[in-house]
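S.K.: This is the structure I want to talk about, given as structure tokens.
Please treat every number below as a calculation from the coordinates, not as lab data. The model shown is predicted, which means the values in this text are computed figures rather than measured ones. Here Cβ is always computed from backbone atoms with ideal geometry, including for glycine, and neighbour counts include all displayed protein chains.
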Amino acid sequence: MLIASIQSALSDHDLVQLREELTSRIGSLRARGVVIDVAALDVLDSFATRTIRGIAYTVKLRGAETVVVGIQPAVAYSMVQLGLTLESVATALDLEEGIALLNRTLSTRSRRGG
Amino acid sequence: MAAEMRVVIARDGDIVTARQKGRELAIARGFSTTDQTLIATAISEIARNIVEYAEHGEMVLSPVELNGRRGLMVVAVDQGPGIEDPNVAMRAGYSTGKSLGMGLPGAKRLMDEFELDSAVGRGTTITMKKWVR
């Protein structure tokens, strides 16, 4: 499992770099799950939301699952006001819940042989 | 009263600076945490529009006061290509660039007042305000 914990405000360039690093590390580390912790982000605007959604889809195409954790209450409200969604991307309250969710998803998947 | 702040917008790092300055001013003005976030997000959307379409511009963040109400004003000015039809640009989902077309209508929803002044070849000025509740 790969945990990407964002520590400070990210520029558009940083977000794109995060996508590239995560996608390549899934291969090198053979990770089956990715947790992206955005608790430190005070703003998730349209670009950030779209990029995180893109990361989750790219991760999926690389054969792994993503859970986004730690979206702050004010950030969640702002996303709703902006009409932004993460669509089918899984979310959890915090890192602990996210890891638990990912473990459940991965064990269900391996039982199904998927 | 908190002082006016100016941020030059020319590259994506400036978007982060602008929204951080916006939050600083929002805190100084006494906005709630939620409103601070809405203001910072609106600034982020507008600053990105400048980087994407005009390449260069400036944002002025200032405290405003009206009939005893405290507020914050953001004026974003660029000398970019301008917007052909502001009414169309304000429609959610409309975009001539690589964005989702959420920028302008999104920022309007997050703020209390929003004015767009633009003409082709003359650039764009966006003025938006939010009042402390």
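S.K.: Quote the charge dipole size of the protein assembly as shown about the Cα centre in Debye, to the nearest 20; the model charges only the Cβ of Lys and Arg (+1) and of Asp and Glu (-1).
M.R.: With Lys and Arg at +1 and Asp and Glu at -1, about 920 debye.
S.K.: A follow-up question, please. Mind sorting B:Val16, B:Val64 by how few other Cβ atoms lie within 10 Å of their own Cβ, fewest first? Numbers along the way, then the final one.
M.R.: Values: B:Val16 19, B:Val64 15.
Ascending number of Cβ neighbours within 10 Å: B:Val64, B:Val16.
S.K.: Could you estimate the translational diffusion coefficient of chain A from the Stokes-Einstein equation, with Rh from the Kirkwood formula over C-alpha pairs, at 20 °C and 1.002 mPa s, in whole µm²/s?
M.R.: Reported coefficient: 150 µm²/s.
S.K.: Here's something else I'd like to know. What distance in nm separates the two pseudo spin-label positions at A:Ser28 and A:Val80, each 7 Å out from Cα along the beta-carbon direction?
M.R.: 4.0 nm
S.K.: Another question about this same structure. Take every residue in peptide B:25-34, count the Cβ atoms of other chains within 10 Å of its Cβ, and give the average of those counts. Display every interim value, and only then the final one.
M.R.: Working: counts 0, 0, 0, 0, 0, 0, 0, 1, 5, 8.
For peptide B:25-34, the averaged partner shielding equals 1.
S.K.: At 7 Å along Cα-to-Cβ for each site, give me the label-to-label distance between B:Asp117 and B:Ser32 in nm.
M.R.: For the pair B:Asp117/B:Ser32, the computed spacing is 3.2 nm.
S.K.: For the stretch A:51-114, give the magnitude of the charge dipole about the Cα centre (Cβ charges: +1 Lys/Arg, -1 Asp/Glu; no others), in debye to the nearest 20. Don't skip to the answer; put the middle values down first.
M.R.: Working: 7 positive and 5 negative charges, 84 e Å.
With only Lys, Arg, Asp and Glu charged at Cβ, the dipole is about 400 debye.
S.K.: Could you list A:Ser8, A:Ser78 in order of exposure, starting from the residue whose Cβ has the fewest other Cβ atoms within 10 Å?
M.R.: Numbers: A:Ser8 9, A:Ser78 29.
Ascending Cβ contact count within 10 Å gives the list A:Ser8, A:Ser78.
S.K.: I've got another one for you. What is the local net charge at A:Gln72, summed over the other residues whose Cβ is closer than 12 Å to its Cβ (Lys, Arg +1; Asp, Glu -1)? Kindly include the intermediate steps, with their values, before the conclusion.
M.R.: Values: positive: none; negative: A:Asp37, A:Asp42, A:Asp94.
Summing Lys and Arg as +1 and Asp and Glu as -1 gives -3.
S.K.: With Cβ to Cβ distances under 11 Å as the rule, what net charge do the other residues near B:Asp35 carry (K, R +1; D, E -1)?
M.R.: Result for the local shell: +3.
S.K.: From the helices alone, meaning DSSP H stretches of at least four residues, give me the mean residue ellipticity at 222 nm for the protein assembly as shown, per-run term -39500 (n - 2.57), in deg cm²/dmol to the nearest 500.
M.R.: -14000 deg cm²/dmol
S.K.: Taking every alpha carbon pair in the protein assembly as shown, what does the distance histogram look like in 10 angstrom bins from 0, in percent?
M.R.: 7, 30, 31, 19, 9, 2, 0
S.K.: Given an 8 Å cut-off on Cα distances and at least 6 residues of separation, report the relative contact order of the stretch A:2-111 as a percent.
M.R.: With pairs under 8 Å counted, the relative contact order is 29 percent.
S.K.: Show me the ranking of peptides B:65-73, B:122-130 by mean Cβ neighbours inside 10 Å, starting with the highest.
M.R.: Highest to lowest by the protection proxy: B:122-130, B:65-73.
S.K.: Count the lysine pairs in the stretch B:5-131 whose Cα atoms sit under 18 Å apart, keeping only pairs 8 or more residues apart in sequence or on different chains.
M.R.: Summing the qualifying lysine pairs gives 4.
S.K.: Rounded to whole Hz and in sequence order, give me ³J(HN,Hα) for the stretch B:66-77 from the Karplus expression 6.51 cos²θ - 1.76 cosθ + 1.60, θ = phi - 60°, writing x for Gly and Pro.
M.R.: So the Karplus estimates, Gly and Pro as x, are 8, 6, x, 8, 8, x, 9, 10, 10, 10, 10, 10 Hz.
S.K.: Related question: Calculate one ³J(HN,Hα) per residue across the stretch A:37-48 by plugging θ = phi - 60° into the Karplus curve 6.51 cos²θ - 1.76 cosθ + 1.60, and present them in order as whole Hz with x for glycine and proline.
M.R.: Karplus values, whole Hz, x for Gly and Pro: 9, 10, 4, 7, 7, 8, 9, 10, 8, 5, 5, 4.
S.K.: Around A:Ser107, with a cut-off of 15 angstrom between Cβ atoms, what is the net charge of the other residues, counting Lys and Arg +1 and Asp and Glu -1?
M.R.: +4
S.K.: Assuming R0 = 35 Å, what is the FRET efficiency of A:Val16 and B:Arg109, from their Cβ-Cβ distance, to the nearest 0.05?
M.R.: 0.85
S.K.: For the stretch A:10-89 and the stretch B:14-91, compute the distance between their C-alpha centroids and round to whole Å.
M.R.: Between the Cα centres of the stretch A:10-89 and the stretch B:14-91 lies a distance of 24 Å.
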